[in-house]
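The values are calculated or read from the model by the stated rules, or taken from the named source; none is laboratory data. This one's a predicted model, so the numbers in the text were calculated from it and none came from an experiment. Using ideal geometry, Cβ is built from the backbone for each residue, glycine included, and neighbour counts are taken over all protein chains shown. All accessible areas refer to the heavy atoms of the entire protein, side chains included, with ligands and DNA or RNA removed. Shrake-Rupley method; radii C 1.70, N 1.55, O 1.52, S 1.80 Å.
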Amino acid sequence: MTPAATIPVVVREVRPVTPLIRRFTLAREDGLPLPAFSAGAHVVVVMPGAARTLRNPYSLMGTSADLSTYDIAVRLSETSRGGSRFMHEAVAPGSKLAITPPVNLFPLDKLARRHLLLCGGVGITPVSAHVRELVHGGVPFEVHCGARSIEHATLALELRAIAPDAVAIHLDTPGPTMDVEAILAEQPLGTHLYVCGPGGMIENVIATARAAGWPESHIHWERFTAPPAGKPFEVTLSRSGKRITVPPEMSLLEAIEAAGVDAPFLCRGGACGQCETTVLALDGTLLHHDVYLSADQKAAGDRIMPCVSRADCRTLVLDR
Amino acid sequence: MTIAFKPDETYRDDFTFRNSPAAIRRFPFPFGEDVYRYAVNIEPHVRGGPTAAYDNLFDIDEHYIAECRERALVLAHDPKRCQALPHMMAAQWDTLELLMENLSTDYPEHFSLVRDGYAWHWTNRALGIEQHFVFGDAGTLPCEPLEYIGRQMQGDLTLQDQREDNLFMDAGMVTCQADWSLEFDLGMKFHEWHGPVPLAHEQGVFDRALKFLLNLQLGRPVRRLNWTMTINPRMDTSPEQYPQWGPDRTTITPENVGSRVHLRVELQSLFRLPRSNAILFGIRCYLISLEELATIPKWSRRLHRVLQTLPPELVEYKGLSRFRDTAIAWLAQRDDGAPTSVGTAPD
Ligand code: FES
């Protein structure tokens, strides 16, 4: 599948939410309603950066009840490769951007009898949509939000206002922090667990749940890995007959796109599998950063997820 | 363009269903070359294709009124042909919205939809239906949304919930299927409901198809064609009705093969649904008798050659064993060996 056609949008409002997070309200440039979506969905925002086009995935925070606008929240990343910095510094009301149609890689399980949602930091954004959907259904749910301190907990306070009995907030300062083991231990059998937040938190929650015997089918997570920077490397694209260099701050996928080659993607975060590309020849090592390929597949070295993964190599030939 | 419907034709008893010359030319003929080849022929479901059957995402033709009546007859006899598990309500509304939007935009002479927030007004002039209802409130429709809109559609619909990295057929309205059963498949996973197809499993086809469908994107539907052959223009060849249609297969003679044996093509389309994240599977069935098909010489030549190269396990699976040779003999008289043009469009 080729990349989805994008929707031109205009920024209606920009509001600071916490010292690090801003909320952006987007509307279609032509004034028509935006596509309906399900809780947990994200869009990829396409930003006209000075040197190159930037594309980052952001979760949609609201519901389909009002489709005149979408709300996303963007955390300024210290290690930003440009996307979140661009959103914070170059985007103001009236700015024009483009988005892909929504894709949901983090949906609620419709058969769950109970939902437990854990989030940390800006990982609260998809959970904001989940809670807004859950308050209308009859299924019990419980939410735990972690934040550094009260000024970083604005979105969590908003959620607590919507569902006062279901939302708990845990602050690093003054503490106590979220006790994942204790929370999981209290859940009735059959609960579905969802986690979104920094990589370390997700790994910890998943490991704790597995250790406590939770079935894999009841553990859900969303982690958009920001593509890590790395050393430059050279790639040959065999189908399009091009030779490109991937600079340190660009992902392999971005470099392929910059060379004018259409490549498929959905999440741009190593999660969905859509960008999977066959490796035809390799002299060196693939640096896999995705959560999609299995350990065996990674070890085989015959495929790569170019949205997040790189290579340390003398030669790399891709079927693209 | 106003479609000239043929409201009185039948798909049972006296079988008066016929294709007009225009309907023949728009038939979605499935074979692109002169030999049979198994392929995962999934392509984007975009407007436009080899014949007019591809002009819209949901195709309405001259058989619309008659087919809707046939569906009503099947449902009256067996209400279980329409079923939905409780968690599929959002997907039902998604489906109703998608269909009403497309029909009213593509066939404004026959359908209209006026929306004021959640207060919707639907008009189906072809069937003489007018309905005011509240989108999202099933109590304001005479039946559940899937059944409501399904009764006004040509073709079957099933709804797949996506969970556990799999697809579960958790709702559907199925009255014109080729030998499979909603009652039997409801709630099944992707690989289970595709269980008995020979050859495909070996080729890992379903693993790849599932992976592909799990990533199906909003606004980017896909389609594929499937085919079999049916005796008489009978829509309902379900397992439940086997005693009705099974014996037909032994009645084919050189004299009646041209009028009674029909090529049956399913135009299958798959759509991601927005609010529910479910997948809509549309199965639009087209029937054409060998006589009608032979009015397009390219098609009868090619069908002859394809049937000759069909692997035995597929002849068996598609239920063609009893009459394939008779059909080949009839088609052979209409195949002068001339080369056929590339693609499926009529010459
Ligand atoms: S785009 Fe989703 S894994 Fe690369």
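Quick one: is B:F190 closer than 17 Å to B:N277 by Cβ, modelled with pLDDT under 85 and away from every other protein chain (no Cβ under 13 Å)? Spelling it out, B:F190 is indeed closer than 17 Å to B:N277 by Cβ, modelled with pLDDT under 85 and away from every other protein chain (no Cβ under 13 Å). A count restricted to the range A:82-136 and to residues that are among the hydroxyl-bearing types (S, T, Y) and within 14 Å of another protein chain (Cβ to nearest Cβ) stands at 1. With the condition kept exactly as written, say whether any residue in the range A:252-262 is open to solvent by less than 40 Å² (accessible area, probe 1.4 Å), over 18 Å from A:G49 (Cβ atoms) and under 25 Å from the mean Cα position of the chain (by Cα). For the range A:252-262, residues open to solvent by less than 40 Å² (accessible area, probe 1.4 Å), over 18 Å from A:G49 (Cβ atoms) and under 25 Å from the mean Cα position of the chain (by Cα): present.
Out of curiosity, is B:Q268 free of Cβ contacts under 8 Å to residues at least 24 places away in the same chain, more than 14 Å from every other protein chain (Cβ to nearest Cβ) and not in a loop (DSSP other than H, G, I, E, B)? For B:Q268, the condition - free of Cβ contacts under 8 Å to residues at least 24 places away in the same chain, more than 14 Å from every other protein chain (Cβ to nearest Cβ) and not in a loop (DSSP other than H, G, I, E, B) - is not met.
Please determine, by comparing only the residues of the range A:285-320 that are under 16 Å from the mean Cα position of the chain (by Cα), open to solvent by 50 Å² or more (accessible area, probe 1.4 Å) and touching a residue at least 40 places away in the same chain (Cβ under 8 Å), which one is nearest to the ligand (Cβ to nearest atom). Looking at residues that are under 16 Å from the mean Cα position of the chain (by Cα), open to solvent by 50 Å² or more (accessible area, probe 1.4 Å) and touching a residue at least 40 places away in the same chain (Cβ under 8 Å), I get A:V291.
If you go through the range A:129-141 and keep only what is within 22 Å of the chain's Cα centre (by Cα) and open to solvent by less than 50 Å² (accessible area, probe 1.4 Å), you end up with A:A129, A:H130, A:V131, A:L134. Residues that are assigned to a helix (DSSP H, G or I) and surrounded by fewer than 13 Cβ atoms within 10 Å (Cβ to Cβ) within the range A:182-198 comprise A:A182, A:A185, listed in sequence order. Only one entry of B:I288, B:I328, B:I279 meets the criterion of being surrounded by fewer than 20 Cβ atoms within 10 Å (Cβ to Cβ) and aliphatic (A, V, I, L, M), and that entry is B:I328. For the range B:151-181, filtering for residues that are within 12 Å of chain A (Cβ to nearest Cβ) and either touching a residue at least 40 places away in the same chain (Cβ under 8 Å) or not in a strand (DSSP E or B) (or both) leaves 9. Selection over the range A:1-16 of residues that are crowded, with 18+ Cβ neighbours inside 10 Å and either at pLDDT below 95 or within 14 Å of another protein chain (Cβ to nearest Cβ) (or both) gives a count of 3.
Among the residues of the range B:150-176, those identified as over 30 Å from B:K211 (Cβ atoms) and open to solvent by less than 30 Å² (accessible area, probe 1.4 Å) are B:Q152, B:Q154, B:T175.
Pairing residues of the range A:22-48 that are under 22 Å from B:I279 (Cα atoms) with residues that are aromatic (F, W, Y) and outside any strand (DSSP E or B), at Cβ distances under 7 Å and at least 6 apart in sequence or on separate chains, gives A:G40/A:F106.
Considering the range A:206-284, the qualifying strands (runs of 3 or more DSSP E), each wholly inside and each with 2 or more residues that are away from the ligand (no atom under 15 Å from the Cβ) and within 14 Å of chain B (Cβ to nearest Cβ), run over A:219-222. In the range B:237-258, the residue that is surrounded by the fewest Cβ atoms within 10 Å (Cβ to Cβ) out of those that are within 26 Å of B:A294 (Cβ to Cβ) and of a type in the set (D, E, K, R) is B:E255. Give the residues of the range A:55-65 that are within 12 Å of chain B (Cβ to nearest Cβ) and under 18 Å from A:P8 (Cα atoms), sorted by residue number. Listed by number, the list holds a single entry, A:L60.
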